[in-house]
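Working notes, structure below.
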Amino acid sequence: MRVGVLALQGGFVEHVHALNKLGVSSLEIRSTQDLQTPFDALILPGGESTVMGRLLRELDLYYPLMDLIAQGMPVWGTCAGMILLASELEGEVNTHFALMPITVRRNAFGRQLGSFSSIGMFEGIGEIPMTFIRAPIIHGADKNVHMLAEYDGFSVAARYDTMLVTAFHPELTNDTRVLQYFLGMTGCRH
Ligand code: GLN
């Protein structure tokens with residue numbers, strides 16, 4: 001079992017550390033060459049989605065990764081990663097992979113004062129720490145999207161098929177249960 005972590009920009013290292021902690025191999029993906037190593041699941045980290053979207057295209061990673069996700073490779077997008085997966089971005093014309101039928105509002109808690117931590121319920125796990133950094137929210141979704149967590153009345157985690165998204169950053173806490181939930185989606189137990 002190996003998990004690919006998109007490593008172009010943003011908080012990928014924290015995901016790699018969390019995987020290490022669980023004894024799961026990771027593969028940092030920076031170029032098409034990296035895709036020659038097989039991997040079973042993909043993490044799209046937090047960061048700046050506009051920059052990541054541009055780099056994905058410039059480095060020719062956009063279509064290969066889109067194909068893998070479309071073919072059912074389990075994917076977890078945290079924060080900017082969730083923005084990359086969303087089919088609609090409120091008030092914006094450009095989307096990125098656009099494979100998950102959700103409407104996402106970027107920087108939903110404000111740009112400057114938008115970073116904070118809380119504790120919230122995650123379906124199937126229980127109470128977890130939630131760290132938000134200029135976080136998006138899920139503002140609308142297809143009926144087949146299953147909401148997993150809310151903060152202050154806003155949807156902040158969801159699942160659709162083989163796709164998991166969280167507006168917050170479990171990888172910035174010591175709590176690995178959301179990662180374990182994701183690994184569970186791949187059919188492996190940790
Ligand atoms: N605000 C960022 C964006 O729109 C996401 C922030 C994050 O990933 N922590 O891309």
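The values are calculated or read from the model by the stated rules, or taken from the named source; none is laboratory data. From a predicted model like this one, the values you see are computed outputs, not experimental measurements. All Cβ positions, glycine included, derive from the backbone under ideal geometry; neighbour counts span all protein chains shown. The accessibility values were calculated without ligands, DNA or RNA, using every heavy atom of the protein model including side chains. Shrake-Rupley method; radii C 1.70, N 1.55, O 1.52, S 1.80 Å.
Structure summary
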item: Sequence of Phe39, Phe116 when ordered by accessible area, the most exposed leading, probe 1.4 angstrom; result: Phe116, Phe39
item: Between region 13-42 and region 79-144, the alpha-carbon center distance in angstrom; result: 23
item: Computed label-point distance, nm, for sites Leu22 and Asn107 using a 7 Å Cα→Cβ extension; result: 3.2
item: Sum of -39500 (n - 2.57) over DSSP H runs of 4+, divided by residues of the chain (222 nm, nearest 500); result: -6500 deg cm²/dmol
item: Dipole in debye (nearest 20) - the chain, about Cα centre, beta carbon charges: Lys, Arg +1; Asp, Glu -1; result: 140
item: Theoretical gain in end-to-end length, Gln71 to Asp161 [0.36 nm per residue, Cα-Cα removed]; result: 31.3 nm
item: For region 142-188: rounded, prolate or oblate by the Cα gyration tensor [a/c cutoff 1.5]; result: oblate
item: Peptides 150-161, 76-87, 4-15 ordered by average Cβ neighbours within 10 Å, highest first; result: 76-87, 4-15, 150-161
item: Protein accessible area in region 103-190, 1.4 Å probe - carbon and sulfur %; result: 45
item: Residue-level accessible surface for Lys21, protein heavy atoms, 1.4 Å, Å²; result: 120
item: Rounded percent of accessible protein surface that carbon and sulfur make up, region 1-78, 1.4 Å probe; result: 49
item: Cα gyration tensor, the chain - rounded (a/c under 1.5), prolate or oblate; result: rounded
item: Rounded accessible area per residue of the chain, 1.4 Å, Å²; result: 45
item: Gained length - Ser31 relative to Asn144, 0.36 nm times residue gap less alpha-carbon distance; result: 37.4 nm
item: With all protein chains modelled, accessible area of Arg30 [1.4 Å, Å²]; result: 110
